[in-house]
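Taking it in order: structure first as structure tokens, then the write-up.
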Amino acid sequence: MPIYLTGVDLIEVNRIKKAISNSEGFLHKVFTENEIYYCESKGKQKYPSYASRFAAKEAVAKSLGEGFGKILSFREIEIKNKASRQPFVVLHGKAKKLADSLNIKEIKISVSATDNYAVAFSISIN
């Protein structure tokens, strides 16, 4: 399995908390309904969960060789969890078309968060 690209992102949890608190549109511009439901279910730990998903979306975009805006939008990269809580990536719309055009067969993702920081690492595999 050859690796196409990797991507990594680190973000301050407080930055995402402020963005959510200061802008009604931010939450629905960046996160899918499934992601919002999952993060809100975390109660007091919802902001590290939102931040880790934000970092994951950024890492995935980097592992596809793109940034957000021109081709990709945040909601087209969705981070879900298996029953074991392991995260996985689901692509929609233009993100899926881009991955298909690059012959990406799978995207692996790893995320981690503390109260202050969230980090994600992504590998796109041909």
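The residues listed here are Phe54, Phe68, Phe74; of these, the one that is in contact with a helix residue (DSSP H, G or I) (Cβ under 9 Å, 6 or more places away or on another chain) and at pLDDT below 95 is Phe68.
So, Ala99, is that one small (Gly, Ala, Ser), in a helix (DSSP H, G or I), without any contact (Cβ under 8 Å) to a residue 60 or more places away in the chain and closer than 19 Å to Ile123 by Cα or not? Yes; evaluated as a whole, the condition is true for this residue.
Of all residues in the range 46-103, those that are surrounded by fewer than 22 Cβ atoms within 10 Å (Cβ to Cβ) and within 14 Å of Ile11 (Cβ to Cβ) total 5.
Of the residues making up the range 7-54, those that are more than 30 Å from Asn126 (Cβ to Cβ), part of a helix (DSSP H, G or I) and small (Gly, Ala, Ser) are Ala19, Ser21, Gly25, Gly43, Ser49. With respect to (1) under 24 Å from Lys29 (Cα atoms); (2) part of a strand (DSSP E or B), the lone exception for Ile123 is condition (1).
Kindly establish whether Tyr4 is in a strand (DSSP E or B) and more than 11 Å from the chain's Cα centre (by Cα). Talk me through it step by step, then tell me what you get.
Values: in a strand (DSSP E or B): yes; more than 11 Å from the chain's Cα centre (by Cα): yes.
Yes, satisfied.
Looking at Ser112, is it among the polar types (S, T, N, Q), surrounded by 15 or more Cβ atoms within 10 Å (Cβ to Cβ) and within 21 Å of Cys39 (Cβ to Cβ)?
Values: among the polar types (S, T, N, Q): yes; surrounded by 15 or more Cβ atoms within 10 Å (Cβ to Cβ): no; within 21 Å of Cys39 (Cβ to Cβ): yes.
For Ser112, the condition - among the polar types (S, T, N, Q), surrounded by 15 or more Cβ atoms within 10 Å (Cβ to Cβ) and within 21 Å of Cys39 (Cβ to Cβ) - is not met.
The values are calculated or read from the model by the stated rules, or taken from the named source; none is laboratory data. Everything quoted here is computed from the prediction, not taken from an experiment. Because the Cβ atoms are built from the backbone with ideal geometry, glycine has one as well, and the counts that use them run over all protein chains shown.
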